[in-house]
Amino acid sequence: MSFTLAIVGRPNVGKSTLFNRLVGKRLALVDDQPGVTRDLREGEARLGDLRFTVIDTAGLEDATDDSLQGRMRRLTERAVDMADVCLFMIDARTGVTPIDEMFAEILRKRSAHVMLAANKAEGAAADAGVIEAWGLGLGEPIRLSAEHGEGLNDLYAQLQPLADEF
Ligand code: GDP
Ligand code: MG
């Protein structure tokens, strides 16, 4: 049995960086520039002995301010409906933003399994953001650095029980 994990969150928090690390191939573009990646991208993830499908949500980077929230909402809902579990990612260096709060609200309503990742958490500069993430009401934040490959053991520990469930 296996499961599908959707990585969701606002642009630039590091979703594609984690996707690339899990899939191990450059299937998703990682870019600081707007308008590069689109829609949903699927890959076969490996994490220790776990094998699962991972969905990277993109397609938000080229939205204008007016359309961004609506597009985020629709795309996130699509990804959530395809997935058994969602990894909601925030940027621990920035802390929790109003858009993060909007995502958390969607996910609290929509998905049974939501995990919270506070990314870019390498170093002490992220400590305040990680603590702030508790306030989203989605449980204990997984302290991650997708770029440096830190925190993957904690991600594994939260995902491993799902491998038996699905
Ligand atoms: P996405 O828009 O959520 O898919 O974010 P990306 O994966 O494209 O990453 C956005 C930016 O954040 C890029 O410049 C990444 O190199 C950077 N980034 C991703 N993960 C980390 C991390 O763990 N630490 C730091 N400091 N930067 C990161
Ligand atoms: Mg991306």
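The values are calculated or read from the model by the stated rules, or taken from the named source; none is laboratory data. Remember, predicted model here, so these are calculated numbers, not experimental data. Every residue, glycine as well, gets a Cβ built from its backbone with ideal geometry; the counts of neighbours run over all protein chains shown. Just so you know, the surface numbers come from the protein's heavy atoms only, side chains and all, with ligands and any DNA or RNA stripped out. Shrake-Rupley method; radii C 1.70, N 1.55, O 1.52, S 1.80 Å.
The H on the amide N of Met115, modeled in the peptide plane, is under 5 Å from the matching H of Cys86, Leu87, Phe88, each at least 5 residues off or on a different chain. Surface listing: His113, His148 arranged by accessible area from highest to lowest gives His148, His113, probe 1.4 Å. Each Lys or Arg adds one and each Asp or Glu takes one away; over the other residues whose Cβ falls under 13 Å from the Cβ of Leu159, this sums to -3. Accessible surface computed residue by residue for segment 68-126, with neighbouring protein chains in place and a 1.4 Å probe, gives 42 Å² per residue. Near Glu101, once Lys and Arg are set to +1 and Asp and Glu to -1 for all other residues with Cβ below 12 Å from its Cβ, the sum equals -1.
Between Ala125 and Arg78, the distance separating the two model label sites (each 7 Å from Cα on the Cα→Cβ line) works out to 3.4 nm. Taking a sphere under 13 Å around the Cβ of Met89 and counting the other residues whose Cβ falls inside, with K and R at +1 and D and E at -1, yields a net charge of +2.
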